[in-house]
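Worksheet: one structure, shown below.
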Amino acid sequence: MDHRQRRKWQPFISLGIAVVGFILFYTIVLGTWRWMMPPSGQNIDPTPLSEHEKALSDRLRDDVFYLASEIGERNVFVPGTMEQTSEWIIQRFEAMGYEPEIHTYTRTAVMGSSPGTSDNIIVEVSGTEKPDEIVIIGAHYDSVIHSPGANDNASAVAVMLALAETFANQPQPKTLRFIAFANEEPPFFKTANMGSYRYAERSRERGENIIAMMALDGLGFFSDEPGSQEYPFPGIGFFYPKTANFIGFVTRLTDTSLLNSVTRTFQENATIGAEGAALPGFIPGVSWSDHWSFWQHGYSAFLVTDTLLFRDPYYHTTNDTPERLDYESMARVASGLENVIEMLAF
């Protein structure tokens, strides 16, 4: 190959070297972080549901069907649905003995939406020993445009409500806050119009000591079919299961230690598999929920999810309906999260 030919092919050679180098670097880094995670919680032979889990399963089913069938699509583009949903959540909290706080904020016009106000709904169980240290458990109650949002995100609202009910009369050393957030979905996604963003902003302004925020998003779709689990980036599938029968704990690299603790606690107590992933924030899905808002204000936060679009074929569609969801697995997740909350709030 003469000098001119080498110059012709040099850009392609350089690109090839760069690609191979990136793949090697990424694989080594990911493999290292995967090694640092708790071991896989996949090899679980589930015992029959406990009586507590059976009751959870029934309540979760009822709540998801109400949100996704009785109300259906829930967002500011369908007049009255956000108000109807928030009123129902308030009533559910009040039936547990709480006195909900309504955090109303003003949202701006974004991509076809009109300006207006939206509500976050908050209840609190004051800590018995360290009340100034706060653990937040949150889920957004809106659904994407043109979707009834059974899995995204009625499933997580139902689990959040179930957890709030469990701890209503079980105060922990630290304070627990359960929050239903408005406006996580587009066009508000990753903007200051998200309910969680405005709430985290207010918390920071008040100097609140939030030690951990748990975002619940998509907790209802599971499958035992081989190959049912996909991943957002090449190579991740080498380190994680390819069957969608587990729940995921996800965060940024900065919060690896927190994620290790919660994943290990869940695996040691739950009757459903769990995987933990601390990954760079640029990887699709890592920052895609309300925990992102708390990161923006300097708080540690993580996501609990079935991974949504990486396993659920009807994510963000009109077919995201309640009858598809696995309420027994959701009950196992909710039961396992009770132990996580107790660990965080100790």
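Some observations on this one:
- Criterion (farther than 16 Å from Glu185 by Cβ, surrounded by fewer than 17 Cβ atoms within 10 Å (Cβ to Cβ) and among the aliphatic types (A, V, I, L, M)) met by exactly one of Ile102, Ile89: Ile102
- Single condition Gly80 does not satisfy, out of (1) on the phi > 0 side of the Ramachandran plot; (2) buried (at least 16 other Cβ atoms within 10 Å of the Cβ): (2)
Residue by residue, here is whether (1) in contact (Cβ under 8 Å) with a residue 12 or more places away in the chain; (2) of a type in the set (A, V, I, L, M, F, W, C); (3) within 20 Å of Thr166 (Cβ to Cβ) holds:
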| position | (1), (2), (3) |
| --- | --- |
| Thr256 | yes, no, no |
| Arg264 | yes, no, no |
| Ser289 | yes, no, no |
| Trp295 | yes, yes, no |
| Ala301 | yes, yes, no |
| Thr321 | yes, no, no |
| Ala331 | yes, yes, yes |
| Met343 | yes, yes, yes |
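- Within the stretch 279-317, tally of residues that are over 22 Å from Phe181 (Cα atoms) and either among the basic types (Lys, Arg) or modelled with pLDDT of 95 or more (or both): 5
- Positions within the stretch 60-70 being in contact with a helix residue (DSSP H, G or I) (Cβ under 6 Å, 6 or more places away or on another chain) and either farther than 16 Å from Tyr141 by Cβ or without any contact (Cβ under 8 Å) to a residue 60 or more places away in the chain (or both), in sequence order: Arg61
- Qualifying residues in the stretch 225-253 (those that are closer than 16 Å to Arg332 by Cβ and among the hydrophobic types (A, V, I, L, M, F, W, C)) - the one nearest to the chain's Cα centre (by Cα): Phe249
- The set of residues in the stretch 175-196 that are over 15 Å from the mean Cα position of the chain (by Cα) and either under 19 Å from Pro100 (Cα atoms) or surrounded by fewer than 21 Cβ atoms within 10 Å (Cβ to Cβ) (or both) comprises Thr175, Leu176, Arg177, Pro186, Pro187, Thr191, Ala192.
- Set Glu185, Glu129, Glu133, Glu101: member being in contact (Cβ under 8 Å) with a residue 40 or more places away in the chain and touching a strand residue (DSSP E or B) at 6+ places or on another chain (Cβ under 6 Å): Glu133
- In the set Phe188, Phe249, only one residue is touching a helix residue (DSSP H, G or I) at 6+ places or on another chain (Cβ under 6 Å), of a type outside the set (S, T, N, Q) and modelled with pLDDT of 95 or more; that residue is Phe249.
- Number of the exception - Tyr314 against (1) under 28 Å from Ser147 (Cα atoms); (2) part of a loop (DSSP other than H, G, I, E, B); (3) out of contact with any Asp or Glu (no Cβ under 9 Å at 6 or more places or on another chain): (3)
- Residue match in the stretch 143-151 (condition: assigned to a helix (DSSP H, G or I), within 23 Å of Leu303 (Cβ to Cβ) and of a type in the set (A, V, I, L, M)): yes
The values are calculated or read from the model by the stated rules, or taken from the named source; none is laboratory data. Everything numeric here is computed off the predicted structure, so don't read it as measured data. When we count neighbours, we look across all protein chains shown, and the Cβ atoms used for this are built from the backbone with ideal geometry, even at glycine.
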